[in-house]
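**Student:** Okay, here's the structure, questions in a sec.
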Amino acid sequence: MLYELRRVLLSTSFQLLLRQPQRWDSLVINRRKPHTYRIFTNFKDLRVCLHRFDKCDEHEAFRHPHPWPGAFRVMQGQYEMKLWLSKDRFDNEPQEVSTVIMKAGSSYEITNPLTWHSVVPYEETYTIMVNDNPWDKEIAHESVRTTKGKDLDSLSREDLEQHLSKFRDLMAEFYVKG
């Protein structure tokens, strides 16, 4: 998935997409922490999400497995990420395996459906996530949760455009730094 993330970031098509607000949808995920402001779109065979995370405390961070393989890049800010691993898809008491500090410029991938993680932003933090199709139900963890059907708010058109503007600036820095 890291290869796919890099492919998106270096794509001229992605740069153009950042200038097309009508191609993006949004969600405000504020029923758990960290509060997350997500805009997302399909990009070729992937979904691309641009996140802004609000700061939260460690005890508030939502521990969760993902429903699909994904890769992530911290564009600005930093967070503590904890990783856990379940024994099988029914194990809801995963074992903690690592705690890392992800800073701007850091990237990682989650490619095992039994991996759980949580993020504790130390400050307002911006990330780009790409994800592939969901894992088959036979291998996805039973505790996978999605935002579908949760009746979450969306960003206003103005806020979505500001979000895109912020990511255009962050991507400009990325292209300069390489």
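Each value in this text was obtained by applying a stated rule to the coordinates, not by laboratory testing. Here the structure is a predicted model, which means the values were calculated and not measured. Ideal geometry is used to build each Cβ from the backbone, glycine not excepted, and the neighbour counts take in all protein chains shown.
**Student:** Could you line up LEU2, LEU17 from fewest to most neighbouring Cβ atoms inside 10 Å? Spell out each step's value before the answer.
**Tutor:** Numbers: LEU2 14, LEU17 18.
Listed from fewest to most nearby Cβ atoms, that is LEU2, LEU17.
**Student:** Could you please tell me the mean projected area of the C-alpha convex hull for segment 86-178, averaged over all directions and given in square nanometres to one decimal?
**Tutor:** Working: hull surface 33.7 nm².
Result: a mean projected hull area of 8.4 nm².
**Student:** Helix 157-177 against the longest principal axis of the chain: what's the angle in degrees, Cα atoms only, rounded to the nearest 10?
**Tutor:** The answer is roughly 90 degrees.
**Student:** By count of other Cβ within 10 Å, fewest leading, how are THR12, THR41, THR127 ordered? Before the final figure, lay out the partial values.
**Tutor:** On the way: THR12 7, THR41 18, THR127 25.
So the residues, fewest neighbours to most, are THR12, THR41, THR127.
**Student:** What is the ratio of the Cα radius of gyration of segment 2-177 to 2.2 N^0.38 Å, with N the residue count, to two decimals?
**Tutor:** On the way: Rg = 15.7 Å, N = 176, 2.2 N^0.38 = 15.7 Å.
This ratio for segment 2-177 stands at 1.00.
**Student:** Please report the Cα spread of segment 1-87 along all three principal axes, rounded to whole Å, starting with the longest.
**Tutor:** 40, 29, 23
**Student:** Per-residue counts of other Cβ atoms within 10 Å, averaged by peptide: what ranking do you get for 131-141, 47-57, highest first?
**Tutor:** Values: 131-141: 14.0, 47-57: 19.0.
Put in order of decreasing packing, that is 47-57, 131-141.
**Student:** Right, next: Cross-link list LYS103/LYS137; LYS44/LYS82; LYS82/LYS137; LYS55/LYS82; LYS137/LYS166: which exceed 27 angstrom alpha carbon to alpha carbon?
**Tutor:** Numbers: LYS103/LYS137 33 Å; LYS44/LYS82 30 Å; LYS82/LYS137 25 Å; LYS55/LYS82 15 Å; LYS137/LYS166 36 Å.
Those over the limit are LYS103/LYS137; LYS44/LYS82; LYS137/LYS166.
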